[in-house]
Amino acid sequence: YQRRVHGGGVYYSPVRNGFVAHRTDLGSNNSKHNRSTAPPLDVEIDLVEIKALCQLLGPYGVCVITRNLTALMESRVRNIKEYLTVNRPGLQALKEGYTIDSQCIAALKSLKRLDDLVTNSLVIGTALQLRNMFFDGIREVVAENTPHIAELLQSCLKQCTADFIHHPLFKEMQVLVDYSGVGGVTHVTNINIMENVAQHKQTQADDQLWQLLPFLYAASFWSTNAWREAEYRVAFHGRQNNAHCMALCIVSLITSLEKIPYDGMPEDCDLKVSVRRSLECFVRVSAFVLLRIHCLMRASSKEVRDVPIHSLIIFLEKFVEQCEAVPISYLQKWLPYTLIQSAYVQLHNRQQGGRRDGMQADPTEAPEH
């Protein structure tokens with residue numbers, strides 16, 4: 001999995017609901033993909049094939065795979081915490097002055113290892129995306145083979161509040177939820193993510209550090225090298241380096257880390273409100289960062305010459321579409337809809353003309369409507 005997906009040449013396509021090879025790999029007679037005896041990857045990791053595999057492996061076998069995929073996160077989350085620690089002064093400055101041009105740009109320039117942040121987040125995002133496909137597959141298999149058990153678990157989960165998942169009585173029920181996948185991807189994913197990253201949030205100091213995570217991800221848009229290959233492909237609704245899977249990583253990490261209890265945590269803390277505020281913070285600060293990048297590109301600034309601004313705007317819009325806690329109206333409050341629409345139009349026109357977004361285009365040209 002890591003060799004094929006993270007080694008390049010393969011990405012997740014939301015339209016096809018599976019991992020597919022790049023168009024050059026699928027259509028070239030000289031590609032390694034066509035010369036090999038293995039079937040095309042989009043056939044191997046298609047949702048229909050995943051369902052057939054789930055039928056063969058059964059709930060326990062699928063649970064082993066999904067837990068191993070989740071275990072990939074632990075070391076990456078440790079790295080992300082390290083990036084937060086290294087950049088804490090700059091992130092505090094960004095938190096206090098992201099609405100002020102000079103302070104925001106100065107804070108963004110002071111941040112380090114943003115490329116490493118994106119790389120680790122892509123590993124987490126693609127692993128979670130594949131894991132979600134297994135959840136979809138085993139959920140359909142269980143619903144077809146044992147419909148009464150599936151309906152019973154769904155009824156039980158509807159009665160569970162967000163706080164109940166930490167109760168000892170929930171652990172036995174969680175085993176059935178993991179084996180069946182009927183709890184829904186978001187519900188199950190957050191529980192298992194919390195189990196893998198809980199060691200990184202144990203004190204109030206850890207909680208204060210993780211509160212800067214939305215600002216760190218918003219600042220990652222300033223990282224030119226990491227996003228240079230994140231060109232949005234209109235035909236597949238995805239990016240060639242799987243950067244669109246980073247949205248799932250951001251939502252899952254922020255949601256899970258907010259729900260992890262720590263020593264000294266207030267008893268009256270509303271976890272649902274905390275999650276929503278953190279996600280809204282990421283959207284709001286990201287919008288400010290993207291607007292500043294857009295303005296600098298119009299001013300022909302060399303600092304953002306290679307930033308694929310239109311792809312980044314579309315990424316933020318796609319993020320909100322996947323995030324149930326933040327409505328699209330909240331994004332449009334900070335990022336005008338006309339700018340989002342213009343990003344789609346210009347990106348489509350440039351891809352039709354064989355030009356790369358943010359690379360060969362004139363950053364001062366007026367948006368096309």
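Over the Cα atoms of segment 208-348, what is the Rg over Rh ratio if Rh follows Kirkwood? On the Cα set of segment 208-348, Rg over Rh gives 1.00.
Value of Rg to Rh for segment 312-353, rounded to two decimals, is 1.04; Kirkwood radius and Rg both from alpha-carbon coordinates.
For the pairs Lys109/Lys333; Lys201/Lys272; Lys259/Lys318, flag any whose C-alpha to C-alpha distance is greater than 22 Å. Intermediate results must be reported in sequence, preceding the final value.
Details: Lys109/Lys333 26 Å; Lys201/Lys272 18 Å; Lys259/Lys318 24 Å.
Among Lys109/Lys333; Lys201/Lys272; Lys259/Lys318, the Cα-Cα distance tops 22 Å for Lys109/Lys333; Lys259/Lys318.
Cα centroid separation, segment 320-349 to segment 96-163: 20 Å. Each residue of segment 279-289 was assigned a 3J(HN,Hα) from its phi angle through the Karplus expression (A = 6.51, B = -1.76, C = 1.60, θ = phi - 60°), giving 5, 5, 4, 4, 5, 5, 5, 4, 4, 4, 5 Hz with x at Gly and Pro. Applied to segment 79-91, the Karplus parametrisation 6.51 cos²θ - 1.76 cosθ + 1.60 on θ = phi - 60° returns per-residue 3J(HN,Hα) values of 5, 5, 5, 5, 5, 4, 5, 5, 9, 4, x, x, 5 Hz, with x for Gly and Pro. For segment 126-134, the Karplus equation 6.51 cos²θ - 1.76 cosθ + 1.60, evaluated at θ = phi - 60°, returns couplings of 5, 5, 5, 5, 5, 4, 4, 5, 5 Hz by residue, with Gly and Pro reported as x.
Computed from the coordinates by the stated procedures, all read-outs in this text should not be read as laboratory data. Treat the numbers as computed from the prediction; the structure is a model and nothing was measured.
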